[in-house]
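Structure first, commentary second.
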Amino acid sequence: MPEARTGRASLAELHENAADALEEAILAYLAHGRPIPDPCEPHGGEEAIILDPVTVARAALATAMRTKRISNVALAKTLGKARGSFGVSRTGPALR
């Protein structure tokens, strides 16, 4: 993701900064209703970045809802929740 650029002072900081930058980029995509690009395999000297499982789950849910054209209201109904108990916030889909 081009929005997830970072620098480093050490390798440990690089991993932490990269995960933070990638999570913030994904959350921004969710907040703006943009599709999240599919992950790709690392190439020549790149390393995979492990994301917070909650961010991954929110992104997966938002992608599935968009793909299947399921609204927040329809999902809440399917889950047996009251209207307005489910929404998409800056951090992605969430039960209230």
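What follows is calculated from the coordinates using simple rules that are stated; it is not laboratory data. All values derive from a computational prediction rather than experimental measurement. Note that we place each Cβ from the backbone using ideal geometry, even for glycine, and neighbour counts take in every protein chain shown.
List of remarks:
- Relative packing of peptides 27-35, 54-62 - highest average C-beta neighbours within 10 Å first: 54-62, 27-35
- Think of the chain as a dipole: +1 on every Lys or Arg Cβ, -1 on every Asp or Glu Cβ, centred on the Cα centre; then among G7, A21, L75, L75 lies furthest on the positive end.
- Under the criterion of Cα pairs below 8 Å and six or more residues apart, the relative contact order for the chain equals 25 percent.
- Under DSSP loop assignment and at most 15 Cβ neighbours within 10 Å, longest GluC sites (Glu not before Pro)-free interval of the chain: 48-96
- Point-charge dipole on Cβ atoms (K/R +1, D/E -1) for the chain, about Cα centre, debye to 20: 1040 debye
- Note on E41 and M1: with the Förster distance fixed at 22 Å, the Cβ-Cβ geometry gives a FRET efficiency of about 0.90.
- Among the listed options (i) 58, 20, 14; (ii) 31, 29, 23; (iii) 48, 22, 20, the one matching Cα extents along the principal axes in Å as calculated from these coordinates is (iii).
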